[in-house]
Amino acid sequence: MYLLKVFAFFLCSSIFLTAYAQLESDSISAMPQVTVESNRLNNFALGSKIQRIDSLAIQNLSSNNLGDLLSQHTSLFVKAYGAGQMSTISSRGTGASQTAILWNGFNLQGPTLGQSDFSTIPVNFLDKVNVQYGGSSALFGSGAVGGVIHLNNDPSFDKGHSLHLSGIAGSYKNIYTGINYQISKRRFISNVRYFNTYGKNDFKISKLYERKQYNAEVDQEGVLVENYYKINDNQTINLRVWLQDILREVPSENEKQIAQTQNKFLRISSEWKKSGPKVSYFVRSAYFNEQLNYKDGLSYLTKFQTSITETESKVKVRENQSLNVGLNNTYNEATNKNYVIPRQQNRTALFGSYLVRNFIPNWNGSLNIRQEIVGKRPVPFIPSFGVTGIIINGLSIRANVSRNYRLPTFNDLYWQPGGNVDLKPELGWSQDLGISARTTAGIFKPELNVTFFNSNINNYIIWLPGADWWTPMNVQSVWSRGIENTFNVRADIDKLRIDLSLNYTYTLSTNQKSTSSNDGSLKKQLIYVPIYTGHGQFA
């Protein structure tokens, strides 16, 4: 296969580069490990509910996709359309395009549909997965209305060589193959990850008439290459390349009716980081190129490319105060025969955050702001404020208030017929209040987290039927509110660890504004948004 050849090429290149790096570093003493993490999430997202998925859970589901991981270990509602088919999420009553997906700080939401397919993100390519619930547009920009999924690759220097092979075979010719090879030296890391998953999915759909599901074949293949170089104690630079090819047939009861989609993408990112006692600098850049070809006798090709450049600085103003300022520029370009001509969009955003720790004992607060310009039109000013504090030992509280927004997609603006270039961004406010109680005494260590949330989104974009065709309009006003409960118990008995986790979420998400004289959705729960969700884990 083509990607298998690419995998072999990068593997050989990594071995050569590592050998060269070893020759260069023989006379250099060992340095402390440097971990590059999402700066804004860890330092300035105060008051938000953040769930960090355990590394063991990621390892156990390494042969699955991100949708499977989130459905088993979070309270998010994952909408999966069959084995290997599209998988999207709903966070706190919002739609699939209202949750941002950040890969090492870069938003993966495409400009055409404004959403990501979680079935195309292999867990094998991830080291850390963090889920930030609720709006966070001041920190992470457009689309961060219902939440943010943070996907990170976490390098570890001076670990030597490692090779991990995995394979799974199941019914209906479902086969998975995974290969991870890493060379980790004192100053250099090269990591190559490859996967291939195939499924015929020719299962029976009717025992009475002996009918089978036809044309449901899925074939995914991808490779991720990561290279990290430690310039000195305080500086690191990296380069990541992600290639993937996804071929999916569109299921049909007619064996002779064949339709399929082929999705190919290339994602390249690089980051330079310099850390100091007073000031830290980050400069990162990414280039995404993706195409989706739908075939059913005819061919419908959509292509887009995204370039992202971002710089930010974190300054230690005082012992308990930090300032973070940054600038982001995102350029999108897309072609589709329904756009008539290629479409472009340039967005520039200036953002800043201020953190104060212990403004009163055991209480921290942060203020975040963002101003974005799309073309020549400014998006309304976006602020957020968060606070965390300890009431008594073992009992803590957090609160967050944020303004959030989502820009219209290219399909919303330019699709012909029907596109509406006069659409406004979706805008709204969200509030979080969380209480956590835990104890670390004794064998059993219970922890209870309760979060109350509220969100209002105005100018909600919805496609409505017109005289001749459907067209998107800023007509709905959505009110989402509810409660999230998480209960965890951990017990350490000699060398045995027992974990029990229970999650329950109650979400009301309703349209508060009539879209027509006979609008049946008024004050009703939004479609595909469950009111009650819950799950448990015991290990």
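A few points about this structure:
- (1) 57; (2) 76; (3) 53, with the label sought being that of the calculated percent of Cα pairs over 29 Å apart: (1)
- Kirkwood hydrodynamic radius (C-alpha pairs) into Stokes-Einstein, the stretch 208-278, 20 °C and 1.002 mPa s, D in µm²/s: 133
- Accessible area per residue in Å² at 1.4 Å probe, computed on the chain: 48
- Total formal charge among the other residues, if their Cβ is under 10 angstrom from that of GLN182, Lys/Arg +1 and Asp/Glu -1: +1
- Over the chain, dividing the summed -39,500 (n - 2.57) contributions of all DSSP H runs of at least 4 residues by the number of residues returns a 222 nm mean residue ellipticity of -2500 deg cm²/dmol.
- Prolate/oblate/rounded call for the stretch 45-128, Cα gyration tensor, a/c under 1.5 rounded: rounded
- Debye, to nearest 20: dipole size of the chain, +1 on Lys, Arg Cβ, -1 on Asp, Glu Cβ: 780
- Carbon plus sulfur fraction of accessible area for the chain, probe 1.4 Å, in percent: 58
- Taking label positions 7 Å along the Cα-Cβ direction at both TRP429 and TYR81, the computed distance is 3.7 nm, reported to one decimal.
- The packing ranking, built from the mean of other Cβ atoms within 10 Å per residue, places the peptides 475-486, 229-240 in the order 475-486, 229-240, highest first.
- Protection-proxy order for peptides 269-275, 409-415, each taking the mean of Cβ atoms within 10 Å per residue, highest first: 409-415, 269-275
- All other residues whose Cβ lies under 10 angstrom from that of THR439 are scored, Lys and Arg at +1 and Asp and Glu at -1, for a net of +1.
- Set of lysines with alpha-carbon distance to LYS212 below 23 Å, sequence-local pairs under 8 removed: LYS173, LYS200, LYS204, LYS256, LYS295
- Computed log₁₀ I(q)/I(0) - Debye formula, equal Cα scatterers, no solvent, the stretch 469-539, q 0.15, 0.19, 0.27, 0.29 Å⁻¹: -0.66, -0.83, -1.16, -1.23
- Protection proxy ranking, peptides 364-371, 57-64, average beta carbon neighbours within 10 Å, highest first: 364-371, 57-64
- Using a Förster distance of 45 Å, the FRET efficiency for ILE360-ILE231 (Cβ separation, nearest 0.05): 0.65
- Partner lysines whose Cα lies under 20 Å from the Cα of LYS495, excluding those fewer than 8 positions away in the same chain, are identified as LYS445.
The values are calculated or read from the model by the stated rules, or taken from the named source; none is laboratory data. As the structure is a prediction and not an experimental result, all values here were calculated from the model. So basically every Cβ, Gly included, is an ideal-geometry build from the backbone, and we count neighbours across all protein chains shown. Note: accessible area is taken over every heavy atom of the protein model, side chains too, but ligands, DNA and RNA are not part of it. Shrake-Rupley method; radii C 1.70, N 1.55, O 1.52, S 1.80 Å.
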